[in-house]
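The values are calculated or read from the model by the stated rules, or taken from the named source; none is laboratory data. Treat the numbers as computed from the prediction; the structure is a model and nothing was measured. Note: ideal-geometry Cβ built from the backbone for every residue, glycine included; neighbour counts use all protein chains shown. Remember, those area values only see protein heavy atoms, side chains included, never the ligands or the DNA or RNA. Shrake-Rupley method; radii C 1.70, N 1.55, O 1.52, S 1.80 Å.
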Amino acid sequence: MKDVTKNACHLCAPLGASLVYKGIQNCVSVLHGSQGCATYIRRYLIGHFREPIDIASSSFTEHTAVFGGQENMIQSIINVINTYSPDVIGVATTCLSETIGDDISMILKEFHKRRGESKTPVILYTSTPSYRGTHVTGFFKTLHDVINQTAIQTEPVDRMINIFSGLFSPAEIRSLKEIAASFSLKTILFPDYSDTLDGGNWNQYHPIPPGGTPIQIINNCGNAQASIDFSFCQKDEISAGQSLFGKFGIPSYRTAYPIGIELCDTFYDTLATLSGMEIPKQFMRERERLIDGYVDAHKYLYGKRAVVFGDENLVFSVSIFLAEIGIDVVCAATGGPKDSLIGLKTKEAFARTDILEDCDYEDVEEWVIHNRADILVGSSRGNKIARNAEIPLIRCGFPIHDRVGAARQNFIGYKGTHNLFDQITNALIEQRQNSMSINYGTM
Amino acid sequence: MENRALLKERENHILIKESDQTQISCEKPTLAGAVSQRACVFCGSRVVLYPIADAVHLVHGPVGCAAYTWDIRGSLSSGPELHRLSFSTDLSEQEVIHGGEKKLTAALNKLITTYRPKAAFVYSTCIIGIIGDDVDAICKKISNVYGIPVIPVDSVGFQGTKKDGYAAACNALFKIIGTEPVTNIPVCSINILGEFNLAGEAWIIKEYYQKIGITIVSTLTGDGRIDEISRAHGASLNIVQCSGSMMQLAKLMKEKYGTPFLRVSYFGIEDVALSLYNVADFFSDYPEIKENAKKLVYEEITSRSKELDLYKKKLAGKKAAIYVGEAFKAFSLIKSLRSLGMKVVLAGSQTGNTEDYETLRELCDPGTIIIDDANPAELSRFIIEKEADLFIGGVKERPMAMKLGIGFCDHNHERQIPLAGFEGNLNFAKEIASSLCSPVWRFTKKQSGGTK
């Protein structure tokens with residue numbers, strides 16, 4: 001146990017919950033706690049996605065903290081209904097409401113009782129105190145809880161699968177949907193914030209940005225043939241796929257973020273198995289191009305030393321990809337809980353890698369100061385480390401607060417991997433070019 | 001967008017100049033579910049004390065509060081940068097159950113031995129208000145061990161609004177003031193309160209004062225240093241910008257040390273000049289200060305007037321909506337925009353008081369919407385209704401403005417371009433023009449049949 005966390009490499013669970021709720025069509029989230037939680041999380045997400053993000057709060061006062069949050073919660077739900085007319089309200093708790101012992105299911109029962117016959121949106125809820133887990137576990141827990149509360153099994157639908165997404169960018173979610181569609185599969189992708197958090201310019205103002213998975217579609221998850229679940233580094237109890245397997249016997253494929261040949265192969269092979277189709281030619285061509293790219297650039301990469309940090313799932317996949325192209329992952333770091341990178345620890349390729357779990361950015365910086373690294377791969381929060389060490393930072397994951405285009409970044413699938421590959425390779429080439437006394441015009 | 005009705009409880013927080021004669025409702029707890037742009041008590045304390053660069057700022061509670069406020073202000077330091085690090089006791093479930101005192105003690109020991117700060121601030125977050133850690137006692141103990149001020153900041157998130165957080169920050173500062181002896185401080189000396197050195201703004205302002213012959217004892221919260229703050233009671237006058245946050249400290253200092261104070265603002269030519277003149281008038285026994293001030297104002301204005309005129313031409317007749325944290329800024333912005341030939345159609349703040357809103361009403365043109373503790377639904381509705389061309393606010397409002405197809409100027413604490421002082425005023429015009437005059441709006445559609 002550390003004495004103090006310095007520049008945390010994780011955020012709190014309600015942020016993950018808010019992100020999942022952004023993936024439901026016509027949904028507004030309500031955080032049960034102080035006004036600050038909602039506002040801080042809005043600000044943090046807006047800095048990354050650059051889209052309007054409204055999150056309501058039950059705005060605790062001293063009175064609420066003493067007498068319980070029921071009235072505030074009910075009032076906030078009513079005010080959200082009156083302002084936004086949502087189809088769904090997503091409630092998430094915070095450390096405050098959990099510590100005083102508010103029982104959301106009881107409060108919602110009371111709300112429905114008072115509401116009577118009035119038209120009422122679907123209300124989902126999850127427990128996400130800030131003192132338990134991280135924004136990543138909060139994301140998967142909320143995903144799990146939404147599926148657990150809504151999925152029903154009626155009539156299994158042929159060729160239909162669930163894709164339970166990870167902390168992907170909107171562009172990556174779009175790409176996942178396209179890939180699955182190419183296998184002639186009907187897909188329920190959840191949470192789908194590919195439009196709500198990466199919208200176009202509007203002709204009229206939308207209090208709730210258009211997009212997201214409709215709640216009726218989410219209900220239908222129980223009728224899928226299988227689930228692809230990207231909660232790869234998470235515990236089973238917060239895996240939505242695992243929950244559906246337990247409830248309805250729907251097989252779940254826990255899949256790592258598809259980055260690099262090896263992990264992409266697993267993902268595309270799974271789709272091939274589930275669809276009974278061969279992998280479409282276009283993807284095989286993308287795969288060939290990626291391998292060709294690896295070969296073309298391998299000399300610039302061999303033996304380079306990389307430090308990877310961020311969301312444990314991303315760190316896992318990026319590390320495997322880097323090892324695949326000859327880069328030594330000298331340090332793999334996550335703010336995720338202990339053992340969240342156990343998947344790396346058991347692999348031969350990472351026998352000499354320093355694997356830091358439950359770490360903060362100051363741990364990573366310390367590591368970089370005392371060891372040598374050539375490149376950093378992770379969130380924009382690593383910019384101080386990169387600047388001090390005078391090495392490039394490839395911005396990847398969440399948050400990216402100092403560049404545009406976070407929502408359009410696509411690093412998954414063969415094509416997405418090629419993007420990431422080019423960025424890393426070019427950053428290393430540029431670093432070498434800039435450090436030479438002669439200005440070479442070629443590589 | 002259909003014109004959704006306002007929430008009933010929110011109706012009297014909004015008024016239209018002239019058609020509504022009633023007093024605005026303000027200084028109230030935020031309405032649950034209203035999607036307020038406000039944060040919490042902790043936020044108020046954190047933003048005020050943040051720029052003190054040689055102190056450790058430890059946030060006591062689960063990780064979120066510290067993580068979201070890591071390096072969030074563009075407050076620059078001319079030396080140490082401890083303020084740019086985020087420290088949290090990062091309480092886990094077990095610590096919430098059994099109490100966080102041990103963790104807090106360990107964290108303070110670790111931070112003080114590692115960084116050797118001049119002081120430490122310990123911010124209490126919501127959880128601490130519930131589990132009841134004796135933060136005061138721990139701070140006292142640690143302070144005795146290391147011989148530096150270790151100041152508890154009573155910033156429990158739910159115990160009030162952002163404004164109560166300002167008060168907690170003022171109380172924390174007040175504990176440091178007066179702890180060092182004051183010698184060799186000249187008569188013509190001031191403290192600068194409520195200036196946070198965003199993008200180096202405090203440096204611009206300090207230079208003005210120094211040029212006209214005034215000594216700065218402490219800028220407290222802009223490029224702040226504990227030693228300077230400790231000696232702040234030696235100054236002859238407190239100059240208070242951002243009165244919403246720092247007035248309480250000015251009043252406390254007046255009570256205890258007899259230090260008089262003046263309210264000022266450094267935004268817009270009119271208010272910067274007035275501020276310098278008022279300070280000079282205070283030291284009227286030294287008439288050269290007023291002379292110097294006049295000369296400085298003349299030079300600063302004339303050297304930029306040509307360039308400023310170019311922007312004025314581009315901006316004339318445009319309509320702006322303003323939503324800020326502290327009402328004082330809205331006053332200056334209205335005057336400043338007017339001097340650029342622009343018109344304000346909406347003006348609001350998160351934490352204004354009755355007096356502030358009366359001032360706003362006096363300053364605004366008839367028909368202007370005045371709004372307290374607004375939310376996106378209200379802001380977007382009135383922007384469309386009033387056909388604003390530009391929104392001035394912070395990061396949370398930026399995407400809303402842009403989706404509405406109007407220009408945006410960041411006047412919040414993350415800005416990286418100085419907007420204070422005479423040079424800041426020119427930057428402000430430049431900033432607005434760079435948004436309003438961009439050719440990209442050709443491809444967007446402004447809503448509700450606006451003039452664009």
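Annotation: B:Gln23 fulfils all but one of (1) more than 7 Å from every other protein chain (Cβ to nearest Cβ); (2) outside any loop (DSSP other than H, G, I, E, B); the unmet one is (2).
Take the conditions more than 21 Å from B:Ser380 (Cα to Cα), of a type in the set (S, T, N, Q) and touching a helix residue (DSSP H, G or I) at 6+ places or on another chain (Cβ under 6 Å) and apply them to A:Thr64. Does it pass? Here the answer is yes, as A:Thr64 does meet what is asked. Of the helices (runs of 4 or more DSSP H) lying entirely inside the stretch A:56-167, those carrying at least 1 residues that are open to solvent by 50 Å² or more (accessible area, probe 1.4 Å) and either at pLDDT 95 or above or more than 10 Å from chain B (Cβ to nearest Cβ) (or both) are A:62-67, A:70-84, A:104-115, A:135-150.
Listed here are the residues, each with its yes/no results for (1) basic (Lys, Arg); (2) buried (at least 22 other Cβ atoms within 10 Å of the Cβ); (3) assigned by TED's automatic domain parsing to the domain that holds B:Leu426; (4) free of Cβ contacts under 8 Å to residues at least 40 places away in the same chain.
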position: B:Tyr257; (1), (2), (3), (4): no, no, no, no
position: B:Gly268; (1), (2), (3), (4): no, yes, no, no
position: B:Leu274; (1), (2), (3), (4): no, no, no, yes
position: B:Val279; (1), (2), (3), (4): no, yes, no, no
position: B:Lys294; (1), (2), (3), (4): yes, no, no, yes
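Among the residues in the stretch B:125-132, are any open to solvent by less than 10 Å² (accessible area, probe 1.4 Å) and under 24 Å from the mean Cα position of the chain (by Cα)? Within the stretch B:125-132 (the criterion being open to solvent by less than 10 Å² (accessible area, probe 1.4 Å) and under 24 Å from the mean Cα position of the chain (by Cα)), the answer is yes, since at least one residue qualifies. When the stretch B:197-210 is filtered for residues that are of a type outside the set (Phe, Trp, Tyr) and either within 20 Å of the chain's Cα centre (by Cα) or over 15 Å from B:Pro186 (Cα atoms) (or both), the ones remaining, listed by number, are B:Asn197, B:Leu198, B:Ala199, B:Gly200, B:Glu201, B:Ala202, B:Ile204, B:Ile205, B:Lys206, B:Glu207.
Tell me which residues, restricted to the stretch A:229-285, are within 16 Å of the chain's Cα centre (by Cα), over 24 Å from A:Asp158 (Cβ atoms) and surrounded by fewer than 23 Cβ atoms within 10 Å (Cβ to Cβ). The answer is A:Phe232, A:Lys235, A:Ile238, A:Ala256. Can you spot a residue in the stretch A:404-427 that is touching a Leu at 6+ places or on another chain (Cβ under 6 Å) and not in a helix (DSSP H, G or I)? Yes: one or more hits. The C-beta contact set for the stretch B:145-168 (first residue among the aliphatic types (A, V, I, L, M), second residue open to solvent by 40 Å² or more (accessible area, probe 1.4 Å), distance under 6 angstrom, 6+ apart or interchain) comprises B:Ile151/B:Lys175; B:Ala167/B:Gln248; B:Ala168/B:Asp154.
Of all the residues in the stretch B:348-363, those that are open to solvent by 10 Å² or more (accessible area, probe 1.4 Å) and not aliphatic (A, V, I, L, M) number 9. Filtered by the rule that a residue be open to solvent by 20 Å² or more (accessible area, probe 1.4 Å) and either among the small types (Gly, Ala, Ser) or touching a Lys or Arg at 6+ places or on another chain (Cβ under 7 Å) (or both), the stretch B:168-184 gives B:Gly178, B:Glu180, B:Val182. Per the listing A:Ser379, A:Ser435, the residue uniquely over 30 Å from B:Arg415 (Cβ atoms) and either modelled with pLDDT of 95 or more or of a type in the set (Ser, Thr, Tyr) (or both) is A:Ser435.
Considering only residues that are more than 7 Å from chain B (Cβ to nearest Cβ) and at pLDDT below 95, which ones fall in the stretch A:1-55? Within the stretch A:1-55, A:Met1, A:Lys2 qualify. I want to confirm something. Restricting to the stretch B:371-387 and keeping residues that are farther than 22 Å from B:Glu27 by Cα and at the interface with another protein chain (Cβ under 10 Å from one of its Cβ atoms), which single residue is most open to solvent (accessible area, probe 1.4 Å)? Per the stated criteria, the residue is B:Arg381. Going by the conditions given, is B:Val47 within 25 Å of B:Gln248 (Cβ to Cβ), touching a strand residue (DSSP E or B) at 6+ places or on another chain (Cβ under 6 Å) and not aromatic (Phe, Trp, Tyr)? Here the answer is no, as B:Val47 does not meet what is asked.
Could you list, in sequence order, all residues of the stretch B:59-113 that are over 28 Å from the mean Cα position of the chain (by Cα), at the interface with another protein chain (Cβ under 7 Å from one of its Cβ atoms) and open to solvent by less than 20 Å² (accessible area, probe 1.4 Å)? Within the stretch B:59-113, B:Leu91, B:Val96, B:Ala107 qualify. When residues in the stretch B:119-133 are screened for being more than 9 Å from chain A (Cβ to nearest Cβ), out of contact with any Lys or Arg (no Cβ under 7 Å at 6 or more places or on another chain) and not β-branched (Val, Ile, Thr), 6 of them pass.
Here is a yes/no grid of residues against (1) surrounded by fewer than 23 Cβ atoms within 10 Å (Cβ to Cβ); (2) under 15 Å from A:Ala349 (Cβ atoms):
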| position | (1), (2) |
| --- | --- |
| A:Ala297 | yes, no |
| A:Tyr300 | yes, no |
| A:Arg305 | yes, yes |
| A:Ser319 | no, yes |
| A:Leu322 | no, yes |
| A:Gly326 | yes, yes |
